1. Among the residues of segment 242-279, write down those that are under 13 Å from Q44 (Cα atoms) and either without any contact (Cβ under 8 Å) to a residue 40 or more places away in the chain or part of a helix (DSSP H, G or I) (or both).
2. List pairs: first residue in segment 197-222 and away from ligand 4 (no atom under 16 Å from the Cβ), second residue of a type in the set (K, R) anywhere in the structure, Cβ distance under 6 angstrom, at least six positions apart or on different chains.
3. Please name all residue pairs, on different chains or six or more residues apart, with Cβ atoms under 8 Å, provided the first residue is in segment 121-144 and is more than 28 Å from D106 (Cβ to Cβ) and the second residue is part of a loop (DSSP other than H, G, I, E, B).
4. Step by step: first the residues of segment 237-279, then only those that are touching a Phe, Trp or Tyr at 6+ places or on another chain (Cβ under 9 Å) and charged (D, E, K, R), then the one that is nearest to ligand 4 (Cβ to nearest atom). Which residue is that?
5. When you check A49 against the structure, is it surrounded by 18 or more Cβ atoms within 10 Å (Cβ to Cβ) and either away from ligand 2 (no atom under 16 Å from the Cβ) or over 22 Å from V255 (Cβ atoms) (or both), yes or no?
6. Quick one: what pairs do we get from segment 163-176, first residue closer than 16 Å to R113 by Cα, second among the aromatic types (F, W, Y) and surrounded by 15 or more Cβ atoms within 10 Å (Cβ to Cβ), C-beta under 7 Å, 6+ apart or different chains?
7. Within segment 167-179, take every residue that is closer than 16 Å to T232 by Cβ and of a type outside the set (S, T, Y) and give me the one that is nearest to ligand 4 (Cβ to nearest atom).
8. Only one of K105, K133, K121 is at pLDDT below 95 and under 23 Å from H197 (Cβ atoms); which?
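The values are calculated or read from the model by the stated rules, or taken from the named source; none is laboratory data. Not measured: the values here are computed from a predicted model. All Cβ positions, even for glycine, are placed from backbone atoms using ideal geometry, and neighbour counts span all protein chains on display.
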Amino acid sequence: SKRSGKGQLSFYDESMNDLSRRKLFLEQELRRALQNHELQVHYQPILEAGTNRVKSFEALVRWYHKSEGWIGPDEFIPVAETTGLIHQVGSFVLNECFATLASWKDGGAEAIRMSINISVKQLQGNALPHLIKDRLAYYRLLPQEIELEVTESVIMENFEKVCFTLDLLRDLGVYLSIDDFGTGYSSMSTLNRLPFHTIKIDRSFIADVFYDKKSRAILRSMIQLSNEMNLTTIAEGVESEEQYRILKEEGVHEVQGYYFTKPVPANEIEAVWLTGNLS
Ligand code: C2E
Ligand code: CA
Ligand code: CA
Ligand code: CA
C-alpha cells in the first residue's frame, strides 16, 4: 500500500520491471535464435525396466545463448507460450526429432520411438495433427514410433479445448502420454475418457521411494491403476540404484533418469545407446 512508503513501492516497481525486461529480452533473443538455428535438441533414453533395452528417447529442447550461456526450457518455454513463438519452437523440435529418428532407423536401429513434449498451446485447433501427419509422410515414419507427452495439470485445466485435438492425434495412430503424472489431480473417470497410452510418473514420487514407505505405497497404487487401465508406466527422474531396484520390484515398465544418463546430443546417443537396437 501507499503507506508502506515511497522507497518500498519503487522497490516493487523495479523488480516487476526486471521480470518484464527479462521476458522481453528472452522474447527478442528467442526470435533471433529461431532464425539463426541456435536451438538444439538433446535426447534422454527411456529403458525397459529389468532388461535395460532402449525403448524410446525423450527429446528435450536446448538453447545455448552466446552471452547468457545455457537457458533452460523451464525458463524460455513459458515465454514462447505467451508470445506465440511456441509454434515455431514446436515445429523446429518436431522436425529435428523426426529427422533424427529417420536417420537412426536408416542406420539400422529397430523398435525405438521418439517422445516429444507438446505444449497445450499446440493442442488447440488442428494445426498439430496436420503437421504431424505431413511430417510422418515426409520422413517415412510410423505413427507408433512417435509419442507425444502432455503435462497432466495442463490437460485438466484445458480439458474441453484439448480433447478434440487429442482424439485427432490418437486417430493418426501416434501414442500419447501423460507427463508429470500425479501432480495434476486427475480423477480416474477423466483419465478413462482420454486417449492415452502411457503414464509418466512424476519424479517427485520417485525421489524418496527408497526412504519413505508412504511414497512406495502411492507408487504401487499408481502402477496398479495404470495396469488395470492397460497403460504403460514410465518412471522419470530415476537417480539411484536403490530407486531402480524398487521400481523393478513394483513392476514399472520403463525407466528414465540421471542414473542411466542425462539428456545428451544425438551423436552421443548414436555412439553409446543405439548399439543394442541395431538390426
Ligand atoms: P519434463 O518433460 O518433465 O522433462 C524432464 C526434465 O527432467 C528435463 O529437464 C530433464 O532433463 C530432467 N531430468 C531427466 N532425468 C532427471 C533426473 O534423474 N533427475 C532430475 N532432477 N531431473 C531429470 P529439462 O530438459 O530442463 O526440461 C524441463 C521442462 O521443459 C520439461 O519437463 C518440459 O516440460 C519442458 N520442455 C523441454 N523440452 C521441451 C520441448 O521441446 N517442448 C515443450 N513444449 N516443452 C519442453
Ligand atoms: Ca516430458
Ligand atoms: Ca516429466
Ligand atoms: Ca515437467
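1. If the condition is that a residue be under 13 Å from Q44 (Cα atoms) and either without any contact (Cβ under 8 Å) to a residue 40 or more places away in the chain or part of a helix (DSSP H, G or I) (or both), then Y258, Y259, A266, N267, E268, I269, E270, V272, W273 are the ones that fit.
2. Pairs found: V209/R216.
3. Here the result reads K121/G84; L123/N158; Q124/N158, each pair linking segment 121-144 to a residue that is part of a loop (DSSP other than H, G, I, E, B).
4. Narrowing segment 237-279 to residues touching a Phe, Trp or Tyr at 6+ places or on another chain (Cβ under 9 Å): 237-246, 255, 257, 259-261, 263-266, 268-270, 273-274, 277.
Among the residues that remain, those that are also charged (D, E, K, R) are: 239, 241-242, 245, 268, 270.
Details: E239: 16, E241: 24, E242: 23, R245: 25, E268: 23, E270: 26 Å.
Here the answer is E239.
5. Values: surrounded by 18 or more Cβ atoms within 10 Å (Cβ to Cβ): yes; either away from ligand 2 (no atom under 16 Å from the Cβ) or over 22 Å from V255 (Cβ atoms) (or both): yes.
Yes; evaluated as a whole, the condition is true for this residue.
6. L176/F196
7. Let us first name the residues in segment 167-179 that are closer than 16 Å to T232 by Cβ, namely 170, 173-179.
Still in the running and of a type outside the set (S, T, Y): 170, 173-174, 176, 178-179.
Numbers: R170: 22, G173: 25, V174: 20, L176: 16, I178: 11, D179: 6 Å.
Across segment 167-179, the extreme among qualifying residues is D179.
8. Working: K105 fails: at pLDDT below 95; K133 fails: at pLDDT below 95.
Only one candidate qualifies: K121.
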